[in-house]
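The values are calculated or read from the model by the stated rules, or taken from the named source; none is laboratory data. What you see is a predicted model, and the numbers here were worked out from it, not measured in a lab. So basically every Cβ, Gly included, is an ideal-geometry build from the backbone, and we count neighbours across all protein chains shown. These accessible areas exclude ligands, DNA and RNA; they are computed on the full protein's heavy atoms, side chains included. Shrake-Rupley method; radii C 1.70, N 1.55, O 1.52, S 1.80 Å.
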Amino acid sequence: MIGQVADAYGFRGFLVLAVPDTGCNSLEANAIMTTYPVEFLKGYDSAGLINGSPVIQRLRRSTIPFTYDAHQLARRRADGKGDAAICVFEQAGMPRGIYLPVHDAGGHRAAIAFGGDRPVVSNDEMQELNLWAGILFSKLVEVRERDRRGSGSLSRREVECLRWAAAGKTTSEMARILALSEYTVNHYLNRATRKLDSVNRVQTVAKAMRAGLIN
């Protein structure tokens, strides 16, 4: 559904992002759902762009939707990483877009971002997208809660694998520790990733830790 809204308004993709806590260094670990290229998330984090990001700073202090332009934002960075930021957004084909702050019933803050190379959204489009963001995020929270109460609970083996992944162990190391094949370890990790609705192993570990499933 979020992807359909992105397409309808001419964006290349979307990102549902838990607003990162102060001191967090990873955008990827806070991505709840996205169609942004994996290379974008990895490139953003490898360049260390999150701490000096005007977008992240704004999301932490405001709940008002806003548009972004990578070139304009680059000039506002005080860490000298403006060119690196432009490169990451341009390579992903998303130099412009919009961020729409949202929150769940528990007050946990997030944002839905739509990015692409289309012209800046109009005021009418911003109002429409802001309305859509609230509806879509509420539906997403509802689905995730239903999955969590149902078949989404992690098995003992899945939790074990995530614990060792959190400790920095590789697949081969986990296989030796747990007396399993690497194929089986990957199977458990991939299943945990699907259950927690994550995009990769790093995000799965982060979500499991936030949910108290692993220490």
**Request:** Could you pull out which residues in segment 23-45 have an amide N less than 18 Å from a spot 7 Å beyond the Cα of ASP83, following the Cα-Cβ vector?
**Result:** 44
**Asked** Full extension from GLU142 to ARG75: what is 0.36 nm times the residue separation minus their Cα-Cα distance, to one decimal in nm?
**Response** 20.2 nm
**Item:** Dipole magnitude of the chain about its Cα centre (Cβ charges: Lys, Arg +1; Asp, Glu -1), debye to nearest 20
**Value:** 680
**Prompt:** Which lysines, on any chain, are close to LYS207 with Cα under 16 Å apart, when same-chain ones fewer than 8 places away are left out?
**Reply:** LYS195
**Item:** Within the accessible area of segment 1-55 (1.4 Å probe), percent carbon and sulfur
**Value:** 53
**Request:** Excluding residues fewer than 8 places away in the same chain, name every one of the lysines whose C-alpha is closer than 16 Å to that of LYS42.
**Result:** LYS81
**Message:** Running a GNM on the chain with Cα contacts under 10 Å, which residue among LEU131, LEU154, LEU15 ends up with the highest mean-square fluctuation?
**Reply:** LEU131
**Prompt:** So for the pair ASN190, ARG58, with labels modelled 7 Å out along Cα→Cβ, what separation do we get in nm?
**Reply:** 4.0
